[in-house]
Amino acid sequence: MHAKTDSMKRYYDGIELAPNLYTCQRGRKNRWRFKKKLDSGLHKTVTIPQALSVHDANLLAVELEKAEMPESPSVATLNYVNSYISYQENLNPVLKEKQAWKNRTYDFGRFANDFADVRIIDLNSLRLWWDDLSHYQQKSQQAAMRYFFNWLMGRGHVPRLRFNPFTTADDLPRLLVKQAPKKERPPCTQDLYFKIYNEAGRQGYECLQIAMSISRYTTLRRGDICSLRFDKDITDGRLQIVVNKSLAQKGAVRATRLEWVLSDHPILKAQIDRARELSLINYRCPFIISHTPEIRKNSAKSHLCEVTGDRLRKMFTECRGDSSTTFHEIRGLAATLFKVNGYTDEQIQGLMAHEDKATTQGYQDVNALPFDTVTMRIEG
């Protein structure tokens, strides 16, 4: 679904758009921007925070066309976000080094962008924004948003809120998390894995091949793999990592801590050595997953050749062909392979840093699991 232009007219799914109404720049379904030229000659852009049908978006655009538009947009939300991030990092400087915190600051930035033109944050505006997120986005952001709004409320920045809308208390009209959708992604089979792996080689994505190999051997997530560094995570021939998701959920003391003695894992060691050689080509990038981009532009990356989780996901998407499987499904392939090789669900659960065994079993490809040989028999 997208907008089309015919001369000066613009259409979305065959319906003509009202003047000054445009689709969201990020291409999200049924999300809109209203852009109007002010008397000063400048343009004022309003990002509509909730999803609307084309019909409703056109009606709203007509109302916005009649309304007076202030010369400068509200920057209050962005200021709040930046102040909160600085406050947290001053309290705990080590946050800057944690991938989980980098993910949260990215979420805060998106929140500030979605609320850039909302001058007063109230429960209704929050609910419209929150309900538009997926279950997984809600789950990953709920705790961080609760802390953020505790901070906002303590400073009187959100006077319309009488309680924290991200509270987990059942006696308050809190924002609810959607039910997890049924898993619809197809598993990544061995054949599909090697098909994507070979295509990555043809497209010059050696870094993706290395990342896929590491994930298949360790079950590590995309974000954990992209954050691995030669100077921090490899010590005395050992690959050591604190699982980011476990760290965010349990804290530093209880988080899952994994170590591979590379001499005992020649397959993994070969990939680390391969990555080290690649890093020399990529301007001595300290990250195990590195790639020199074709377009060099300023970004939040700490090194030009660092590969972010989002960039790795896009590489994978380019190489998977007609399949709709994701990089995350390589964890499922790894879990299946460990099961086939005789490891117990409990052992695999510990490796994958899951809270319960059922989650681990849900990752495994049922069509590839072994059968238990029955030796019991009745004589006569």
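The values are calculated or read from the model by the stated rules, or taken from the named source; none is laboratory data. This structure is a prediction, so every number in the text was calculated from the model and none was measured. We place every Cβ from the backbone using ideal geometry, glycine too, and count neighbours over all the protein chains shown. Note: areas computed on protein heavy atoms with side chains; ligands, DNA, RNA excluded. Shrake-Rupley method; radii C 1.70, N 1.55, O 1.52, S 1.80 Å.
If I model a spin label as a point 7 Å beyond the Cα along the Cα-Cβ vector, how far apart are those points for residue 264 and residue 323 in nm?
3.1
With a ≥ b ≥ c taken as the square roots of the eigenvalues of the C-alpha gyration tensor of the stretch 226-380, please select rounded if a/c is under 1.5 and otherwise prolate if a/b is larger than b/c or oblate if it is not? Provide the component values of the computation, followed by the final result.
Numbers: a/c = 2.12, a/b = 1.79, b/c = 1.19.
The shape class here is prolate.
Under the classification rounded if a/c is under 1.5, otherwise prolate if a/b is larger than b/c and oblate if not, where does the stretch 136-178 fall, given a ≥ b ≥ c as square roots of the Cα gyration tensor eigenvalues? Don't jump to the answer; show the numbers that get you there.
Values: a/c = 2.51, a/b = 1.43, b/c = 1.75.
Oblate, because a/c is 1.5 or more while a/b does not exceed b/c.
Taking a threshold of 26 Å on the Cα-Cα distance, which of the pairs 139/182; 301/357; 139/232 fall above it? Before the final figure, lay out the partial values.
Working: 139/182 15 Å; 301/357 36 Å; 139/232 29 Å.
Pairs exceeding 26 Å: 301/357; 139/232.
If I take R0 = 41 Å and measure r between the Cβ atoms of residue 76 and residue 240 in this structure, what FRET efficiency does the formula 1/(1 + (r/R0)^6) give, to the nearest 0.05?
Numbers: r = 43 Å, r/R0 = 1.04.
So, using R0 = 41 Å, E works out to roughly 0.45.
Calculate, for the stretch 171-250, the solvent-accessible area per residue in square angstrom, rolling a 1.4 angstrom probe over the heavy atoms of the protein chains.
Here the per-residue accessible area is 53 Å².
Where only protein heavy atoms count, and the probe is 1.4 Å, what is the accessible area per residue for the stretch 266-333 in Å²? Each step should come with its number before you reach the end.
Working: 3730 Å² over 68 residues.
Counting only protein heavy atoms, the per-residue value for the stretch 266-333 is 55 Å².
Specify the inter-centroid distance of the stretch 350-380 and the stretch 187-204, based on alpha-carbon positions, in whole Å.
26
Give me the three principal axis extents of the chain from the C-alpha atoms, as integers in angstrom, largest value leading.
For the chain, the Cα extents along the three principal axes come out at 86, 59, 53 Å.
Quick check for me: using +1 on Lys/Arg Cβ and -1 on Asp/Glu Cβ, what's the dipole size of the chain about its Cα centre, in debye to the nearest 20? Write out the running numbers ahead of the final one.
Values: 57 positive and 44 negative charges, 148 e Å.
About 720 debye.
Residues in the stretch 331-373 near a label at residue 135, defined as backbone nitrogen under 17 Å from the 7 Å Cα→Cβ point?
355-356, 358-364
Quick check: from the Cα gyration tensor, does the stretch 78-193 come out rounded (a/c under 1.5), prolate or oblate? Write out the running numbers ahead of the final one.
On the way: a/c = 2.14, a/b = 1.38, b/c = 1.54.
Taking the square roots of the gyration eigenvalues as a ≥ b ≥ c, the stretch 78-193 is oblate.
At q = 0.11, 0.18 Å⁻¹, what base-10 log of I(q)/I(0) does the Debye formula yield for the stretch 128-238 when every alpha carbon is treated as an equal point scatterer in vacuo?
Ignoring solvent entirely, the Cα scatterers give -0.65, -0.97.
Once you put a point 7 Å from the Cα of residue 120 and another 7 Å from the Cα of residue 252, both along the Cβ direction, what distance in nm separates them?
4.3
No other cysteine beta carbon under 4.7 Å away is the test; run it over the chain and list who passes.
Flagged as lacking a Cys partner: 24, 188, 207, 226, 319.
Pop out the carbon and sulfur fraction of the accessible area of the stretch 300-380 as a percent, whole number, probe 1.4 Å.
The C+S portion of the solvent-accessible surface of the stretch 300-380 is 52 percent.
Roughly speaking, what is the stretch gain from residue 367 to residue 302, that is 0.36 nm per residue apart minus the C-alpha to C-alpha distance, in nm to one decimal?
Numbers: separation 65, 0.36 × 65 = 23.40 nm, distance 4.22 nm.
Length gained between residue 367 and residue 302: 19.2 nm.
Can you find, among 11, 156, 173, the residue sitting farthest towards the positive end of the charge dipole of the chain, where Lys and Arg contribute +1 and Asp and Glu -1 at Cβ?
156
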